[in-house]
Amino acid sequence: MSQKEENILCLIDRYGGIDGGHHKQWLLDQIAREITGDNYDDWVREYQSGEDGPMTYVWDTGIAP
């Protein structure tokens with residue numbers, strides 16, 4: 001298992017059981033950051049772009065537990 005995979009599983013183990021949608025969104029954001037690394041901002045821009053152009057979708061970073 002790679003270090004990146006271990007980090008992601010650690011995040012899920014540590015924070016996955018915390019209630020609240022805003023905390024779950026924070027966890028998703030942390031996982032996305034771990035996966036994308038230095039390309040995080042590019043990934044967010046691509047995520048937000050859709051059929052109606054930039055900002056078709058909103059990426060929410062959530063609230064840390």
Could you list 2, 49 in order of exposure, starting from the residue whose Cβ has the fewest other Cβ atoms within 10 Å?
-> 2, 49
Order by neighbour count: 63, 31, fewest other Cβ atoms within 10 Å first, most last.
-> 63, 31
Determine the gain in length on full extension of the stretch residue 6-residue 48; use 0.36 nm per residue of separation and subtract their C-alpha separation, reporting nm with one decimal.
-> 12.4 nm
In degrees rounded to 10, the 0-90 angle between helix 3-15 Cα long axis and the longest Cα principal axis of the chain is 80
In Å, the Kirkwood estimate of hydrodynamic radius for the chain over Cα pairs equals 12.7
In whole Hz, what ³J(HN,Hα) sequence does segment 51-65 give by Karplus (6.51, -1.76, 1.60; θ = phi - 60°), x for Gly and Pro?
-> 4, 9, x, x, 6, 4, 10, 10, 9, 9, 7, x, 10, 4, x
Can you give me the relative contact order of the chain as a percent, contacts being Cα pairs under 8 Å and 6 or more apart?
-> 36
Rounded to one decimal in nm, the spacing of the 7 Å Cα→Cβ label points at residue 41 and residue 23 is 3.1
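What order do you get for 43, 26 when you list them from fewest to most C-beta neighbours inside 10 Å?
If I rank by nearby Cβ atoms, fewest first, I get 43, 26.
Read-outs throughout are calculated quantities, based only on the coordinates presented, and are distinct from any laboratory measurement. Since the structure is predicted, the reported quantities are computational estimates derived from the model, not experimental observations. Heads up, the Cβs are rebuilt from the backbone with ideal geometry, glycines too, and the neighbour counts pull from every protein chain shown.
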